[in-house]
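The values are calculated or read from the model by the stated rules, or taken from the named source; none is laboratory data. Remember, it's a predicted structure, so these values are computed and weren't measured experimentally. Positions of Cβ are generated from backbone atoms using ideal geometry, with glycine treated the same way; all protein chains shown enter the neighbour counts. Surface areas here come from the heavy atoms of the whole protein model, side chains and all, with no ligands, DNA or RNA. Shrake-Rupley method; radii C 1.70, N 1.55, O 1.52, S 1.80 Å.
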Amino acid sequence: MRGLLVALALGLGSGASAQQAMPQPQVGIPQSAVVVLDRDALYQNSRFGQRVARDIEAASDELSQENRAIEAALEAEEQALTARRANETPDAFRQLAAAFDSRVNEIRATQDAKARAITQQNERAQAIFFEQANPVLVDLARETGALVILDRRFVLASSDQVDITALAAERVDAVLGEGEQVETAPPQPRPVPDAPAVPEEVPAPDAAPAPDD
């Protein structure tokens, strides 16, 4: 079940022994066999999630600036190449244009990979967050006497009294903080290689030997 975050198989006895096994209720903590949790709100409002959001925003801004600089450089390179067309043979210009197109495609692939890495950072961070937060949620389930914690998105209706999102956020923040010690970024793609400038001239093919007189 997708909505199931934590499921605890509690071996409950009967009579006095069962009562002794149950945790004592704490003030402000709901007691229910089923409690609900808003996963998105827990992550997005957590110190961990907000730190990741800032990191992603900074990485996105840096990538945008890099893309604009690359675009300007390529436009200048294209203009320089176009200006040389009248002075090159058709075959020589085709070689220059093919080399330029190949470089543009390589740069585009590299920058697209960087953009995908930024997107994957958020997905990876969420997976790590809930993996790290799971023991906290299990402890909270024990405190509430809950058999399950359900994702609120998949619950048609529930009372606010069984929503433990705020309580879980407080507990998770206390344990994880901003999660600076946790590596959430995926491996970065290789950087754009330093491109050679458009060659000054294309080497002419070896001349055929002159025929014997």
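Any residue in the stretch 73-94 that's without any contact (Cβ under 8 Å) to a residue 12 or more places away in the chain and within 19 Å of Arg108 (Cα to Cα): show its pairings with residues that are open to solvent by 50 Å² or more (accessible area, probe 1.4 Å) and of a type in the set (Gly, Ala, Ser) at Cβ separation under 6 Å, as long as the two are six or more apart or on different chains. From the stretch 73-94, no pairs qualify. For residues in the stretch 94-128 being among the aliphatic types (A, V, I, L, M) and farther than 17 Å from Asn67 by Cα, which is nearest to the chain's Cα centre (by Cα)? Restricting to residues being among the aliphatic types (A, V, I, L, M) and farther than 17 Å from Asn67 by Cα, the top hit is Ala125. Being within 18 Å of Asn45 (Cα to Cα), touching a residue at least 60 places away in the same chain (Cβ under 8 Å), aliphatic (A, V, I, L, M) and surrounded by 14 or more Cβ atoms within 10 Å (Cβ to Cβ), is that true of even one residue in the stretch 129-136? Yes, the conditions are met somewhere in the stretch 129-136.
Cβ-Cβ contacts under 7 Å between residues 6 or more apart (or on different chains), taken from a first residue in the stretch 154-173 that is closer than 17 Å to Asp40 by Cα to a second residue that is open to solvent by 90 Å² or more (accessible area, probe 1.4 Å) and at pLDDT 90 or above, are listed as Ala169/Asn45; Asp173/Arg47. Here Ala157, Ala146 are screened, and the one residue that is surrounded by fewer than 13 Cβ atoms within 10 Å (Cβ to Cβ), over 30 Å from Leu63 (Cβ atoms), of a type in the set (Gly, Ala, Ser) and at pLDDT below 90 is Ala157.
So, in the stretch 63-87, exactly how many residues are open to solvent by 40 Å² or more (accessible area, probe 1.4 Å) and farther than 30 Å from Val52 by Cβ? If you could, list the steps in order and put the result at the bottom.
Looking only at the stretch 63-87, we keep the residues that are open to solvent by 40 Å² or more (accessible area, probe 1.4 Å), and these are 64-69, 71-73, 75-76, 78-80, 82-87.
Filter once more, so that each one left must be farther than 30 Å from Val52 by Cβ: 72-73, 75-76, 78-80, 82-87.
The number of residues fulfilling the criteria is 13.
Here Ala59 passes the criteria (1) surrounded by fewer than 15 Cβ atoms within 10 Å (Cβ to Cβ); (2) under 30 Å from Ala166 (Cα atoms) except the one numbered (1).
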